[in-house]
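Right, one structure below, let's go through it.
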Number of protein chains: 2
Amino acid sequence: MPDFDSAFRALADPTRRRIIELVAHRGMTAGDIASHFRTTRPAVSQHLTVLRNAELLSERREGRTRIYQANPKTVDEVVQHLQSFWSGRLQVLKRQAEREERQQRDRQ
Amino acid sequence: MPDFDSAFRALADPTRRRIIELVAHRGMTAGDIASHFRTTRPAVSQHLTVLRNAELLSERREGRTRIYQANPKTVDEVVQHLQSFWSGRLQVLKRQAEREERQQRDRQ
DNA sequence: ACGACTTGTAAGCTTTGGCTTACATAAGCG
DNA sequence: CGCTTATGTAAGCCAAAGCTTACAAGTCGT
């Protein structure tokens with residue numbers, strides 16, 4: 001079970017979100033990931049630490065490189081948690097909002 | 001279309017996430033919301049501003065009160081965006097991870 | 001053992017973020 | 001018109017976060 005607090009905090013940074021997208025499909029080495037950004041390599045390394053602590057990425061060592069890959073289970077749980085905010089009322093409220101929007105449009 | 005950056009940043013704070021849960025079902029006045037927290041009312045008011053700017057809440061004025069309610073459309077879009085990180089590979093990777101976990105368990 | 005390569009960590013700086021107190025604004029009520 | 005109620009805004013403070021440079025720690029090849 002992930003810590004939602006650290007997960008949401010990790011997702012707050014745009015660089016970290018881009019990192020997750022990068023390694024969603026396949027694993028990549030730390031240096032390879034860093035090369036996709038303008039910031040320095042240590043900065044990216046720190047982002048990787050944050051993402052790993054949030055269990056959004058998994059790390060495996062291979063020779064002298066470290067390979068990072070997204071941890072789909074955690075992201076999935078974050079999505080589930082976000083959806084549970086609405087506890088099934090999402091659809092209801094959405095329809096309600098659309099209805100109100102329609103009424104407002106029709107009034108004009 | 002919401003600004004994902006401000007939305008994710010808004011969700012990074014635990015108090016703000018609790019606020020969203022509070023007003024997911026029904027609208028509540030600013031003071032009513034603030035009474036659910038230990039922090040001062042102005043602090044909560046600032047959180048409400050952040051959430052409104054991220055379009056996660058909608059505000060309507062009623063007399064001398066302001067009523068806040070979650071904006072399901074934006075939350076929904078954030079969820080969609082998170083899921084799109086995986087572009088359909090979520091299930092694949094999840095099964096893969098579970099398979100690896102099983103293998104690792106069986107090895108012990 | 002040595003040198004190059006890959007990566008993480010420490011220290012320090014600057015910006016951002018959240019909190020508090022004090023003040024401003026605006027609506028309702030007598 | 002004052003007075004109260006409901007709320008937002010401004011100023012200032014402190015902690016957290018992100019960046020950079022410098023350094024440490026493994027790993028591979030010769």
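In this view, the solvent-accessible surface of A:E59, computed with a 1.4 Å probe and all protein chains in place, comes to about 50 Å².
In the assembled protein chains, B:S35 presents an accessible area of approximately 80 Å² (probe radius 1.4 Å).
Remark: accessible surface ordering of B:R41, B:R18 (largest first) is B:R41, B:R18, probe radius 1.4 Å.
Expressed as a whole percent, the accessible surface of the stretch B:1-68 that belongs to carbon and sulfur atoms is 46, based on a 1.4 Å probe.
Surface burial for B against A, with a 1.4 Å probe and both sides summed, reaches about 3100 Å² of accessible area. Interface burial in the stretch A:67-83, defined as at least 40 Å² less accessible area with all protein chains than with the chain alone at a 1.4 Å probe, covers A:P72, A:K73, A:V75, A:D76, A:V79, A:L82. Shortest first, B:Q80 label-point distances to identical copies amount to 2.4 nm, with the label point at 7 Å from Cα along Cα→Cβ.
Computed 3J(HN,Hα) for the stretch A:41-48, one whole-Hz value per residue from the Karplus formula 6.51 cos²θ - 1.76 cosθ + 1.60 where θ = phi - 60°, is 4, x, 4, 5, 4, 5, 4, 4, glycine and proline marked x. Nearest beta carbon of chain B to the B-to-A rotation axis, with distance in whole angstrom: B:A12, 2. Rolled with a 1.4 Å probe across the full set of protein chains, the surface gives B:F8 an accessible area near 0 Å².
Buried on complex formation within the stretch B:1-20 (loss of at least 30 square angstrom of accessible surface versus the isolated chain, 1.4 Å probe, ligands and nucleic acids ignored): B:D5, B:F8, B:L11, B:A12, B:R17.
The values are calculated or read from the model by the stated rules, or taken from the named source; none is laboratory data. Everything numeric in this text was worked out from a predicted model, so none of it was measured. When we count neighbours, we look across all protein chains shown, and the Cβ atoms used for this are built from the backbone with ideal geometry, even at glycine. Keep in mind that these areas ignore ligands, DNA and RNA; they rest on the heavy atoms of the full protein, side chains included. Shrake-Rupley method; radii C 1.70, N 1.55, O 1.52, S 1.80 Å.
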